Amino acid sequence: MIRIGITGQKGFIGYHLYNTFGLLTEQFQCVPFKKEIFEDEEQLKIFVSDCDVIIHLAAMNRHNDPKVIYDTNIELVKKLISALEKTNSSPHVLFSSSSQEERDNPYGKSKKEGRLLFEKWASQNKAKFTGLIIPNVFGPFGHPYYNSVVATFCHQLTHNETPKIEVDGEIKLIYVAELVKEFINAINDSDATVSQKIIAHTSIIKVSTLLQKLNELKSNYFEKGVFPDLDSPFDRNLFITFLCYIDHKTFFPFHLTKNTDPRGSFVETVKLNSGGQVSFSTTVPGITRGNHFHTRKAERFAVIKGKALIELRKIGTDEVLSFELDGNSPSFVDMPVWYTHNIKNTGDEELYTIFWINEFYDQNDPDTFFVTV
């Protein structure tokens, strides 16, 4: 079992790393970290002594005073190195640097100089060090106006704000789950000594094209409940990112149109421009299904008969979102990634539910992890 500590574990990338290591694999064990530990030398020494691997993510990238950005980031690196030296600890250190290293800005300079400080420490102490040069990262739970333009646009469009393009250039992106795999590969690299690893971007897109795609998502999904074509990995990742910025408390349940005539009723439950799998279930009163989450799948629960309670909880939080659905007014709830979810029959008759998910079920790679809501 490899014990991993992550500085900045509450941040965007840290959230995904911490939960992947803690919930999806048996190879790693996470050593908890809070930002306050940086202010307590003894606690920091205990932390570094307890880790086989340290991933240093904690950094500042926005502030009114550029000097504060530079000074803060260099100080964090020096505090870690000091704690490592005072405890004679030599874990494998992975440093999250940035493709902005070569730019003439305080953030880029602090990243490059921080990486060089770690390289010097590792060489002097015969320790492993990997400096990862990372492009722009996007994905669920990125902070708008901070982590990426994707996060900013998604937040603005789902909160009735109007995005503005400052510079319509090309941006090189990597999805956060793809980046997590790069970290795991670096940790498992038995030949690693003191190295620099340039992480390749997985997509390139103009800012205006990105905004156009997101505007189409808003128009089709918000107004009509239509899923986009999710066959492209980038489009799938963009959609499940977009979905996480919706205010679920007010948007769901999404009520469907029920067409009734003397023959009975007809309801369109899933409109999509993609493939996937459609399933149907009946659930007897009092029974709960689910209590699991996905990390890459888009999924819809549509209640067409009976009464149900759907609950969602974001992994790592305590807040439970609850939605009551009734087949007399057919409606659906879509499941964001990293939200454990369930559905319970709360009525006196059988519950009829239609499920859609964008992938066929693969028992060798189910992307289904059981955690109680």
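Rule-based calculations on the coordinates, nothing more; no lab input. Predicted model, so just to flag it, every value in this text is computed and none were measured. Cβ sites come from the backbone with ideal geometry, for glycine too, and all protein chains shown count toward neighbours.
The relative contact order of the stretch 247-370 comes to 38 percent, based on Cα pairs under 8 Å that sit 6 or more residues apart.
Where both residues lie in the chain, what percent of DSSP beta bridges are antiparallel, nearest 5?
Working: 48 of 76 bridges.
For the chain, the DSSP antiparallel bridge percentage is about 65.
Applied to the stretch 260-274, the Karplus parametrisation 6.51 cos²θ - 1.76 cosθ + 1.60 on θ = phi - 60° returns per-residue 3J(HN,Hα) values of 10, 9, x, 7, x, 10, 9, 9, 7, 9, 9, 10, 8, 10, 9 Hz, with x for Gly and Pro. When the chain is described by a simple charge dipole with +1 on each Lys and Arg Cβ and -1 on each Asp and Glu Cβ, the residue from I287, I204, I304 located farthest towards its positive end is I204. Summarising the amide proton neighbourhood of F227: residues at separation of 5 or more, or on other chains, whose placed amide H is nearer than 5 Å comprise K271, L272, N273.
Sequence-ordered 3J(HN,Hα) estimates for the stretch 108-124 from the Karplus curve with 6.51, -1.76 and 1.60 and θ = phi - 60° stand at x, 5, 5, 5, 5, 5, x, 4, 5, 5, 5, 4, 5, 4, 5, 5, 6 Hz, glycine and proline given as x. Computed on the chain, with alpha-carbon pairs under 8 angstrom and 6+ residues apart, the relative contact order is 12 percent. Between F370 and T250, the contour length at 0.36 nm per residue exceeds the alpha carbon distance by 40.6 nm. Residue separation of V226 and D191 scaled by 0.36 nm, minus their Cα-Cα distance, works out to 7.8 nm of gained length.
When the convex hull of the C-alpha atoms of the stretch 1-136 is computed, what volume per residue in Å³ does it have?
Values: hull volume 14.2 nm³, N = 136.
For the stretch 1-136, the hull spanned by Cα atoms encloses 104 Å³ per residue.
Coupling constants for the stretch 198-215 follow from the phi torsions by the Karplus curve (6.51 cos²θ - 1.76 cosθ + 1.60, θ = phi - 60°), and in residue order they are 8, 7, 6, 5, 10, 7, 10, 8, 6, 4, 5, 5, 4, 5, 4, 4, 5, 5 Hz; glycine and proline get x. Of the peptides 36-46, 296-306, the order by per-residue mean of other Cβ atoms within 10 Å, starting with the highest, comes out as 296-306, 36-46. Amide hydrogen proximity for G347: with H placed 1.01 Å from N in the peptide plane, the residues at 5 or more positions away or on another chain lying under 5 Å are G286, K307.
Distance distribution P(r), the chain, all Cα-Cα pairs, bin width 10 angstrom from 0: 5, 21, 29, 22, 14, 7, 2, 0, 0 percent. On a 0 to 90° scale, report how tilted helix 66-86 is relative to the longest principal axis of the chain, with both axes built from alpha carbons and the result rounded to the nearest 10. With both axes taken from Cα atoms, the answer is about 70 degrees.
Could you work out how far helix 233-243 tilts from the main Cα principal axis of the chain, as a 0 to 90 degree angle to the nearest 10? Roughly 80 degrees between the two axes.
How big is the equivalent ellipsoid of the stretch 247-370 along its three axes, where each semi-axis is √(5λ) from the Cα gyration tensor, reported in whole Å from largest to smallest? Walk me through the numbers on the way to the answer.
On the way: eigenvalues 109, 60, 40 Å².
Result for the stretch 247-370: semi-axes of 23, 17, 14 Å.
Comparing Cα centroids, the stretch 252-298 and the stretch 1-62 end up 39 angstrom apart. Take the Cα of D261, step 7 Å toward its Cβ, do the same at D168, and the gap between the two points is 4.7 nm.
Amide H to amide H distances under 5 Å link R3 with Q29, D52, V53, where only residues 5 or more positions off or on other chains count and H is placed in the peptide plane.
From Cα pairs below 8 angstrom and at least 6 apart in sequence, can you work out the relative contact order of the stretch 65-194, rounded to a whole percent? Here the relative contact order equals 24 percent. Most tightly packed first, judged by the mean number of other beta-carbon atoms within 10 Å of their residues, the peptides 103-113, 23-33, 257-267 read 103-113, 23-33, 257-267.
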